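What follows is one structure encoded as structure tokens, with my remarks underneath.
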Amino acid sequence: MQPMRAVAIAVIQALIWSTVLSGFLTSPAAATEPSADVAQTPGPRDVMAELSTRLFAGLAKESAQMRRNSDTIMPLLDGLLSPHFDTEYAARMVLGNHWRSATPEQRQQFGVVLYQRLLRTYAGAVAEWTPDRFKLLPLRADPEALQVTVHTLVTNSRHAVVPVDFRMRQTAEGWKVFDVAFDGVSYVHIYRDDTDEEITQKGLDASIARLAKSDIGAVHAQPNSRAAH
């Protein structure tokens, strides 16, 4: 009886240790596995879909008269876009070779005034958008791509369909916009052409000072008018 008892005890002990080890090995793994309910990082189209939804909700609260006032619309656009706009990268794209010779302070200042120019240039056009005149197209891009273009279509008051494209790049903070093209006219290309010669001849500080003036908003109004009217 003694050998049989010893075998039974050994079997029981083995089962206990097996259960303990099983729980020890599987519990941490289960804890570290991502839950199906955990939200994935929003993709570029998801970011633009959320921004457009919030934009239309904000615009709906404004009267038609207030929507025509860019000073009223700009804070709304800024609040929505600034967390999702790569100011530094846009400035780098516009400055091109001038970026290397610019000081950190000049880079930061140029990025700020460039972003403000974007808001002021397109505020009038965006204020005219409505959900029924705005269409977010399916994203056609390599899932592994670090830069993509999100295409949208806006129907203006003349019933013409205007393509508005948002170039975006993946950053540590998620997908961010760095360029906007109204009817094929790129914001980055406009300001690269607009500032390159000026920076070469007069210096970057002169270009920053000019862009900072609020009364030059009409200089690049053509893309604005195409989308709005």
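What the table shows:
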item	result
Verdict on residue 105 being exposed (fewer than 13 other Cβ atoms within 10 Å of the Cβ) and either at pLDDT 95 or above or within 23 Å of residue 137 (Cα to Cα) (or both)	yes
Selection count, segment 90-102, where residues are surrounded by 19 or more Cβ atoms within 10 Å (Cβ to Cβ) and either among the hydroxyl-bearing types (Ser, Thr, Tyr) or part of a loop (DSSP other than H, G, I, E, B) (or both)	1
Residue list for segment 154-171, filter: under 19 Å from residue 43 (Cα atoms) and among the aliphatic types (A, V, I, L, M)	164, 168
Verdict on residue 57 being in a helix (DSSP H, G or I), surrounded by 10 or more Cβ atoms within 10 Å (Cβ to Cβ), at pLDDT 50 or above and of a type in the set (Gly, Ala, Ser)	yes
Residues of segment 150-209 that turn out to be under 30 Å from residue 132 (Cα atoms) and in contact with an Asp or Glu (Cβ under 9 Å, 6 or more places away or on another chain), as a count	28
First in segment 70-92 and closer than 18 Å to residue 125 by Cβ and acidic (Asp, Glu), second anywhere and modelled with pLDDT under 95 and part of a helix (DSSP H, G or I), Cβ under 8 Å, 6 or more apart	78/119
Selection within segment 108-130 - within 19 Å of the chain's Cα centre (by Cα), of a type in the set (S, T, N, Q) and surrounded by fewer than 19 Cβ atoms within 10 Å (Cβ to Cβ)	108, 116
Unique residue being in a strand (DSSP E or B), modelled with pLDDT of 95 or more, aliphatic (A, V, I, L, M) and within 17 Å of residue 91 (Cβ to Cβ) when the list is 180, 150, 164	180
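Here is a yes/no grid of residues against (1) under 24 Å from residue 58 (Cβ atoms); (2) of a type in the set (S, T, N, Q):
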site: 115; (1), (2): yes, no
site: 152; (1), (2): yes, yes
site: 156; (1), (2): yes, yes
site: 172; (1), (2): no, no
site: 205; (1), (2): no, no
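The values are calculated or read from the model by the stated rules, or taken from the named source; none is laboratory data. None of the values given here were measured: they were computed from a predicted structure. With ideal geometry, Cβ positions are generated from the backbone for all residues, glycine too; neighbour counts draw on all protein chains shown.
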